[in-house]
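What follows is a short report on a single structure.
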């Protein structure tokens, strides 16, 4: 097909007419795009500053800021193509189907993510705290988006999913700043209880790492078939807890030996049918 000058002129006139008619939409669409990108950038910086001022975890701050950024970008893109006159109903339906599919495939991960946000926002514990949860005791090393990292007494690193962690019982041993040791000493029925209690009390008073307030407690815990069990409950700062527990047991044993008091061993009775 040969294009004559008349055809070229007609096509050019049609193109110019369409361009003139369409230019307001084109101009307003790109204006919305550029202004929207600038506003999104400003809002993103503002959100980051607010979260930093509220002492949110840096990992959570970056993650939430990135999610907020991309959600706004998607909304801006939908507004942009809608302003151009392109139908957005199919596009929104596709996005919805993709979001549903991703959500169903990542149910466990989303649960852990939600749990991580709850932990970081409500702070039942923080990095450095010693906690017990899900049958595990350890010091919190790092709170990540999906898992919390604990270091136990054997220096083993344990990763606990945040979903189960946030939905379960958490014992925070560090929150109050000091702890009570629950120790038990067994003596025979021939031992003078008052004398044994006085010896233990003297041991507790001589240990500078044991707190005076709250006061330590020494009392009869249980009368068994083979012994009298004495409850020894000293208080100590979290940093001194382990040392206080071991020192108290050792010092009581040495003091009992010096006073001629024998610690009654645990006796397990076994009945036999002859």
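Note on residue 226 and residue 43: the extension gain reaches 58.7 nm, defined as 0.36 nm multiplied by sequence separation minus the Cα-Cα distance. In this label model, residue 70 and residue 257 are separated by 6.6 nm, measuring between points 7 Å along each Cα→Cβ vector.
Inter-label distance, residue 197 to residue 180: 1.6 nm, where each label sits 7 Å from its Cα along the C-beta direction. Each of 217, 250 was scored by other Cβ atoms within 10 Å of its Cβ. Listed from fewest to most, they are 250, 217. Rounded to 0.05, the FRET efficiency of the residue 157 and residue 206 pair, given R0 = 41 Å and the Cβ-Cβ distance, is 0.60.
Residues 41, 179 in ascending order of nearby Cβ atoms (within 10 Å, fewest first): 41, 179. At an R0 of 22 angstrom, the distance between the Cβ atoms of residue 171 and residue 215 translates into a FRET efficiency of 0.40.
Between residue 84 and residue 190, the distance separating the two model label sites (each 7 Å from Cα on the Cα→Cβ line) works out to 9.8 nm.
A short reminder: the numbers here are calculations on the coordinates, not readings from a lab. Keep in mind that this is a model prediction, so the values were computed, not measured. Backbone-built Cβ (ideal geometry, glycine too); neighbour counts: all protein chains shown.
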